[in-house]
Amino acid sequence: MPQDQPDHIVRSYDEQLRRLRDMVARMGGLAERQVHDSTIALVRRDVALAAEVVARDAALDALEREVEAFCIRILATRQPMASDLRFIVAAMKVAHNLERIGDYARNGAKRSIVVAQQPQIGSLNGFLRMSQLVQENLKLAIDALVSEDAEAAARVWAADEPIDAVYNGIFREMLTHMMEDARNITAATHLLFIAKNMERIGDHATNIAETVHYAVRGDSLPDDRPKADSSAFAVVKPPE
C-alpha cells in the first residue's frame, strides 16, 4: 500500500490479508481432515465415515469459491504490489490445489465403500503410512504459507520421494494379489486407484510448497523435483 494512505485504511487492508490467511488455513485444515478420514474409512471398512467424507467435499468447494472471490475483491480495490500481490495470487493457487486434494480424498472414500464390500486382501499399513506422510507435508505447506516461511516450503517440496516409494510398494503388492487370485481383482483395482489418488495428493502438497516459496521469495524452485514413482516401469513376476 502507498505510504500516504490513512492509518485506518492500512489497518483495514492488513486485516483483509490476515483474514485471507485464516481462510486458506481453514481450508487446509479441512482438506487434511478429509485425507485422514478417507484413509480411516478405508482401513476400518467404515462405510458411514466414507459417506461423510463424500458429503463434506461440498464445504471445501464452497471455501475455494469464497477464497477466490475475496482475492479478486482485494485485487480490484487495493491494487496490491510486490509481496502482497504474490501472496494474494498464491492464495488463489493454493485454494485450487486444496480443492483438488479434497476431490482425491472424496474419490478415495467412494472407492473405499466398494472395497468394504469385497474380501479383504493383505495389509493396508502402506495406505496408513502414505496418508501420514501426505498429511504431514500438507500441514507443513499450509503452515509455511501462514508464517511466510520459504525454507519450510522448500523442505516440503523436497520431501515427496518417500510418498512415491510407498506408492510403488503398494502398486506391486496389489498387482501380485491380482495375479495370485482373480477374485482379488475388483478390490485390488480400487485400492490401486486409491493409492494413486493419495500419491496425487502428495504432488499437490508439493505444488502448494512451490507456490508458497515463490510468494515469499519471488523466485521459483528448480524444475526437477525429487520423485520416486516408478510404477510405470514396474515388473511383477507371476507366482511360481
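The values are calculated or read from the model by the stated rules, or taken from the named source; none is laboratory data. Computed from a predicted structure; not experimentally measured. Because the Cβ atoms are built from the backbone with ideal geometry, glycine has one as well, and the counts that use them run over all protein chains shown. The protein model used for the area step is the full one, side chains on, heavy atoms only, and it has no ligands, DNA or RNA in it. Shrake-Rupley method; radii C 1.70, N 1.55, O 1.52, S 1.80 Å.
Details
- Output for the stretch 43-70, where each listed residue is over 21 Å from the mean Cα position of the chain (by Cα) and either assigned to a helix (DSSP H, G or I) or aromatic (Phe, Trp, Tyr) (or both): Arg44, Val47, Ala48, Ala69, Phe70
- Residue in the stretch 90-98 that is open to solvent by 40 Å² or more (accessible area, probe 1.4 Å), closer than 23 Å to Gly202 by Cβ and either among the basic types (Lys, Arg) or not in a helix (DSSP H, G or I) (or both) present: yes
- In the stretch 14-27, the residues that are touching a residue at least 24 places away in the same chain (Cβ under 8 Å) reach residues that are part of a helix (DSSP H, G or I) and open to solvent by 100 Å² or more (accessible area, probe 1.4 Å) with C-beta atoms within less than 9 angstrom, at least six apart or across chains, in these pairs: Gln16/Arg73.
- Residue match in the stretch 109-122 (condition: of a type in the set (S, T, N, Q), under 13 Å from the mean Cα position of the chain (by Cα) and at pLDDT 95 or above): no
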